[in-house]
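**Q** I'd like to ask you about the structure that follows.
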Amino acid sequence: MNNTRRSFLIRSAGVVSALALARTANAADPLPETDPTAQALGYKADASKVDKAKFARYTAGMKCSNCALYQGAAGSKSGPCPMFGGKLVDANGWCNAYSKKA
């Protein structure tokens, strides 16, 4: 009976690990500007291309890398953002959820 239980637990751990890795792979996808959430928040991979007439709160210097929500390492080209389900946003990007780091 112990061998069956042990086999079950080993297989279960393998399945859980595989599912976790699959979820991580999806979260690491770069965010396309055509994503519905990206469009709703006005995300641009290049902050210099933000429609300033539509997003009047945008000012020069605002970009993902200096946003409080950005979770990328300092100096990285991209990093995950919780606003987009952990998908990678460009460090030089911008969206309407921008909040300056304290």
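The values are calculated or read from the model by the stated rules, or taken from the named source; none is laboratory data. Small disclaimer: the values here were computed from a predicted structure and weren't measured. Backbone-built Cβ (ideal geometry, glycine too); neighbour counts: all protein chains shown.
**Q** Quickly run through the range 66-81 and pick out the residues that are out of contact with any strand residue (DSSP E or B) (no Cβ under 8 Å at 6 or more places or on another chain) and under 18 Å from K100 (Cβ atoms).
**A** Passing the criteria: L69, A74.
**Q** For the structure I just gave you, tell me whether K49 is surrounded by fewer than 18 Cβ atoms within 10 Å (Cβ to Cβ) and modelled with pLDDT of 95 or more.
**A** Taking the combined requirement at face value, the residue satisfies it.
**Q** Quick one: how many residues across the range 23-39 are out of contact with any helix residue (DSSP H, G or I) (no Cβ under 9 Å at 6 or more places or on another chain) and at pLDDT 95 or above? Lay out the reasoning, then the answer.
**A** Here is the first cut: in the range 23-39, the ones out of contact with any helix residue (DSSP H, G or I) (no Cβ under 9 Å at 6 or more places or on another chain) are 23-30, 34, 36, 39.
Narrowing the set further to residues that are at pLDDT 95 or above leaves 34, 36, 39.
Qualifying residue count for the region: 3.
**Q** Could I ask something else about it? Keeping to the range 30-47, report how many residues are in contact (Cβ under 8 Å) with a residue 12 or more places away in the chain and either of a type outside the set (K, R) or in a helix (DSSP H, G or I) (or both).
**A** The first filter runs over the range 30-47 and keeps only residues in contact (Cβ under 8 Å) with a residue 12 or more places away in the chain, leaving 30-31, 33, 35, 37-38, 41-47.
The next check asks that each one be either of a type outside the set (K, R) or in a helix (DSSP H, G or I) (or both); those that pass are 30-31, 33, 35, 37-38, 41-43, 45-47.
Number satisfying all stated conditions: 12.
**Q** Taking the stated definitions as given, is K87 of a type in the set (D, E, K, R) and buried (at least 18 other Cβ atoms within 10 Å of the Cβ)? Even if it seems obvious, please write down each step before you answer.
**A** Numbers: of a type in the set (D, E, K, R): yes; buried (at least 18 other Cβ atoms within 10 Å of the Cβ): yes.
For K87, the condition - of a type in the set (D, E, K, R) and buried (at least 18 other Cβ atoms within 10 Å of the Cβ) - is met.
**Q** What are the pairs with Cβ atoms under 8 angstrom where one residue, in the range 51-63, is under 16 Å from A91 (Cβ atoms) and assigned by TED's automatic domain parsing to the domain that holds C81 and the other, located anywhere, is at pLDDT 95 or above and surrounded by 11 or more Cβ atoms within 10 Å (Cβ to Cβ)? Sequence gap at least six, or different chains.
**A** M62/A47; M62/W94; M62/Y98; K63/A47; K63/A91; K63/N92; K63/G93; K63/W94
**Q** Pairs only if they're at least six apart or on different chains, beta carbon under 8 angstrom, first in the range 67-87 and closer than 14 Å to P30 by Cα and in the same structural domain as K101 (by TED's automatic domain parsing), second of a type in the set (S, T, Y) and surrounded by fewer than 18 Cβ atoms within 10 Å (Cβ to Cβ); list them, first residue then second.
**A** Partner pairs satisfying both residue conditions: M83/T37; F84/T37; G85/T37.
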